Amino acid sequence: MSDPNGLIQPGRPAPGFTLASTPDGRRTGPEQFRGRPVVLAFYPADWSPVCGDQMSLYQAAAPVFEQYDAAVLGISVDSIWSHRAFAESRGIAFPLLADFEPKGEVSRRYGAYTPQGEAARALVVLDRAGTVAWSYLSPPEVNPGADGIFDALDQLATDREVMTR
Amino acid sequence: MSTPFQVTARLRDPVTTDDHIRGPADASVTIVEYGDFQCQFCGAAYPNLHELLRQRADTVRMVFRHFPIANIHPYAERAAETAEAAGARGRFWEMHDWLYEHQDQLDPVHLSLGVEQLGLPPDELNQEVEGGVHADRVRRDFVGGIRSGVNGTPTLFVNDVRHEGGYDLADLLTAVDAAANT
């Protein structure tokens, strides 16, 4: 079951987690990037054509994410071996996390799990302190692009300027 | 930031004189394509766009902006920068057309032959590409595309609104005729 309240909303603290990100057992999670904005990109599956486009797009946009000092983490219920082959075939260098065991647990905690047993296609942007700044649920067959993410990152940068002034 | 942003479907970077434009300046319909020279879907759309411009020569103009997805298309960035190098010599559209008509020949050796075929100096263009002279321009197009919601290639904007239909000639004609009548 997915979180009955739906996708996690802005203002909530992001649930902490780490997930396997490499076959040798390394684990990665948002807390490792505190002090930087973090983009969590939940997606239904490696290899489905839309996902491929979405994750490939985020890789192609890596220099722009760097300008914002933002870390991007892709998350699906696929195994780490599938992630590795997928990342190699698409030239993806950012971490793809395996929400594999217990299956979909992290996706559920973010309200981004579907009855089909996959992660929803959901974007969650965390601010530097680990609070949800923006979230967006896309229809599974629609690649949401990155414009919403960059609008949220712009807003975070503006808020920060106001605070330090 | 309590209000969620809408995912936009509108072109944010207006067309300027810096753009590569073909067709009449006073056209009532402007198509902006974000494209990747190594993308097979862009290649498939290319002849249809060409025919569209021929059939609607008085009403439609076309703008091309770069959106290379280099991690899956290893030759796309070089092709884009080479088109810019040709553009610096007033030959952008000839290079653009050559690239889409020779998508199986985008490796550096064949690309140089293509440049030569167009009567451009391959060594000079290569030097500019190696030196990254045109990299910023390609990057600017890409970032503008990302900010306008481009999520893959090709993405077309018809009078600033993202085209959600197909790329067959019939789909394209329907889209531009609708835009011309609004």
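Odds and ends about this structure:
- Unmet requirement for B:ILE72, which otherwise passes all of (1) in contact with a Lys or Arg (Cβ under 8 Å, 6 or more places away or on another chain); (2) outside any loop (DSSP other than H, G, I, E, B): (2)
- Filter pass, B:TYR34 being at pLDDT 95 or above, in contact with a strand residue (DSSP E or B) (Cβ under 7 Å, 6 or more places away or on another chain) and within 14 Å of another protein chain (Cβ to nearest Cβ): yes
- The set of residues in the stretch A:47-69 being within 13 Å of chain B (Cβ to nearest Cβ) and open to solvent by 10 Å² or more (accessible area, probe 1.4 Å) consists of A:PRO49, A:VAL50, A:ASP53, A:GLN59, A:ALA60, A:ALA62, A:PRO63, A:GLU66, A:GLN67, A:TYR68.
- Test: residue in the stretch A:74-84 that is open to solvent by 10 Å² or more (accessible area, probe 1.4 Å), of a type outside the set (Gly, Ala, Ser), free of Cβ contacts under 8 Å to residues at least 24 places away in the same chain and not in a strand (DSSP E or B): no
- From the list A:ALA129, A:ALA122, the one residue that fits, being over 18 Å from A:TRP47 (Cβ atoms), within 13 Å of the chain's Cα centre (by Cα) and not β-branched (Val, Ile, Thr), is A:ALA122.
- Within the stretch B:108-120, the set of residues being touching a Lys or Arg at 6+ places or on another chain (Cβ under 9 Å) and open to solvent by less than 50 Å² (accessible area, probe 1.4 Å) comprises B:LEU111, B:LEU118, B:LEU120.
- Among (1) buried (at least 16 other Cβ atoms within 10 Å of the Cβ); (2) closer than 16 Å to B:GLY43 by Cα; (3) polar (S, T, N, Q), the one test that B:SER148 misses: (2)
- Taken over the stretch B:79-107, residues that are part of a helix (DSSP H, G or I), within 26 Å of B:GLU51 (Cβ to Cβ) and open to solvent by less than 20 Å² (accessible area, probe 1.4 Å) amount to 12.
- Among residues of the stretch A:131-158 that are touching a residue at least 12 places away in the same chain (Cβ under 8 Å) and more than 7 Å from chain B (Cβ to nearest Cβ), those with a beta-carbon under 9 Å from a residue that is of a type in the set (Ser, Thr, Tyr) and in a helix (DSSP H, G or I) at least six positions away or on a different chain give the pairs A:ILE149/A:TYR58.
The values are calculated or read from the model by the stated rules, or taken from the named source; none is laboratory data. Model, not experiment: these values are computed from the prediction. Backbone-built Cβ (ideal geometry, glycine too); neighbour counts: all protein chains shown. Ligands, DNA and RNA are excluded from the accessible area calculation, which covers all protein heavy atoms including side chains. Shrake-Rupley method; radii C 1.70, N 1.55, O 1.52, S 1.80 Å.
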